[in-house]
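Have a look at the structure below, then the notes.
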Amino acid sequence: MKNLHKFKFDVYSQNGEDGVINEILKRSFGNKKLNVVEFGSGNIEENSNTFNLIKNDKVNYSVFIEQDLNLFERLKILKLKYPTIIPINKTIDFKKDSDDTIDRILKQNNISNNLDIMSIDIDSNDLDVYRTISEYHPKLLIIEAGRQKYGVFSEHSLDKKMNSFSSIYKCISKKYYLIFYNGNLFFLNKDSFSEKHIKKSYYTDDEYHYLLHCIYSNYKKRVLLKKIFIDLLSRSKFILKTLINYK
């Protein structure tokens with residue numbers, strides 16, 4: 001089943017990411033221990049795309065970059081219980097010549113350049129931060145989008161709105177395959193996964209991903225008959241395009 005919406009569940013994530021990540025790992029990563037970087041999550045015990053991996057002993061290390069000093073201190077306390085956590089107290093910059101770009105922060109802290117997962121969720125310059133990456137490209141990239149409609153191009157650094165789905169896709173799809181969307185875009189690195197594997201395992205049509213998100217956004221709250229109806233609709237992109245006002 002290519003439809004990852006059917007695998008959503010939350011332990012520490014907010015919109016089904018824990019379940020989606022779990023399924024992606026089964027399909028594309030196997031049982032290997034993971035190298036993880038996340039920033040913008042805040043309190044990771046309440047809102048994190050990767051803390052569930054730590055709790056289930058699936059990581060070699062998990063870097064959390066946190067600018068808030070109180071949250072950083074909480075990370076240091078959590079590290080006593082979960083030694084794989086690497087807390088870093090920094091504000092990530094997106095100016096190319098800064099010492100605080102994501103590449104330079106990771107290099108300064110001797111983080112190996114072999115990342116499996118990177119989750120970016122800073123509610124603002126996420127796309128600008130991504131553009132500074134030249135070395136630490138992860139195999140799985142998760143990045144938050146705004147709520148603009150499909151086909152709308154909007155960037156926070158230009159109009160102070162969150163980066164739109166289509167702007168993020170246009171930029172990142174040069175190096176990554178889009179495999180899922182639920183408010184966050186999930187990408188797999190083209191250098192790490194074959195096109196054959198991606199097409200066998202996932203949907204890759206960006207418009208179809210946007211449409212699926214529209215109908216599955218409140219799926220778990222629906223009654224059984226409504227869920228069955230949604231599942232039937234989800235099989236046809238043509239039908240979804242005729243029913244949903246998404247542009």
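When you check Lys220 against the structure, is it in a helix (DSSP H, G or I), loosely packed, with under 15 Cβ neighbours inside 10 Å and touching a residue at least 40 places away in the same chain (Cβ under 8 Å), yes or no?
Values: in a helix (DSSP H, G or I): yes; loosely packed, with under 15 Cβ neighbours inside 10 Å: yes; touching a residue at least 40 places away in the same chain (Cβ under 8 Å): yes.
Yes.
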The condition from (1) under 30 Å from His197 (Cα atoms); (2) surrounded by fewer than 18 Cβ atoms within 10 Å (Cβ to Cβ); (3) over 16 Å from the mean Cα position of the chain (by Cα); (4) free of Cβ contacts under 8 Å to residues at least 60 places away in the same chain that Val11 misses is numbered (3)
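Could you tell me whether Phe9 is in a loop (DSSP other than H, G, I, E, B), within 30 Å of Asp231 (Cβ to Cβ) and among the aromatic types (Phe, Trp, Tyr)?
Values: in a loop (DSSP other than H, G, I, E, B): yes; within 30 Å of Asp231 (Cβ to Cβ): yes; among the aromatic types (Phe, Trp, Tyr): yes.
Yes; evaluated as a whole, the condition is true for this residue.
Suppose we filter the range 59-86 for residues that are within 19 Å of Lys33 (Cα to Cα) and touching a strand residue (DSSP E or B) at 6+ places or on another chain (Cβ under 6 Å); how many remain?
Initial filter on the range 59-86 (within 19 Å of Lys33 (Cα to Cα)): 59-64, 79, 81-86.
Applying the additional criterion that residues be touching a strand residue (DSSP E or B) at 6+ places or on another chain (Cβ under 6 Å) yields 59-64, 79, 84-86.
Number of matching residues: 10.
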In the set Leu69, Leu78, Leu4, Leu34, the lone residue that is at negative phi and either surrounded by fewer than 14 Cβ atoms within 10 Å (Cβ to Cβ) or touching a Ser or Thr at 6+ places or on another chain (Cβ under 7 Å) (or both) is Leu69
Among residues of the range 153-173 being modelled with pLDDT under 95 and assigned to a helix (DSSP H, G or I), the residue farthest from Asp128 (Cα to Cα) is Asp159
Go through the residues of the range 106-124 one by one and say whether even a single one is over 30 Å from Ser194 (Cα atoms), within 17 Å of the chain's Cα centre (by Cα), surrounded by 13 or more Cβ atoms within 10 Å (Cβ to Cβ) and of a type outside the set (A, V, I, L, M, F, W, C).
-> yes
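Can you find even one residue in the range 198-217 that is among the charged types (D, E, K, R) and surrounded by 15 or more Cβ atoms within 10 Å (Cβ to Cβ)? Explain how you work it out, then say what you get.
In the first step, residues of the range 198-217 are kept if they are among the charged types (D, E, K, R); the result is 199-200, 205-207.
In the following step, the residues that additionally are surrounded by 15 or more Cβ atoms within 10 Å (Cβ to Cβ) were identified as 206-207.
Checked the range 198-217: at least one residue is among the charged types (D, E, K, R) and surrounded by 15 or more Cβ atoms within 10 Å (Cβ to Cβ).
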Subset of the range 129-153, residues without any contact (Cβ under 8 Å) to a residue 40 or more places away in the chain and crowded, with 18+ Cβ neighbours inside 10 Å, comes to Val129, Thr132, Ile133, Gly146
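The values are calculated or read from the model by the stated rules, or taken from the named source; none is laboratory data. All of these numbers come straight from a predicted model, not from anything done at the bench. For neighbour counting, all protein chains shown are included, and Cβ atoms are generated from backbone atoms with ideal geometry for every residue, glycine included.
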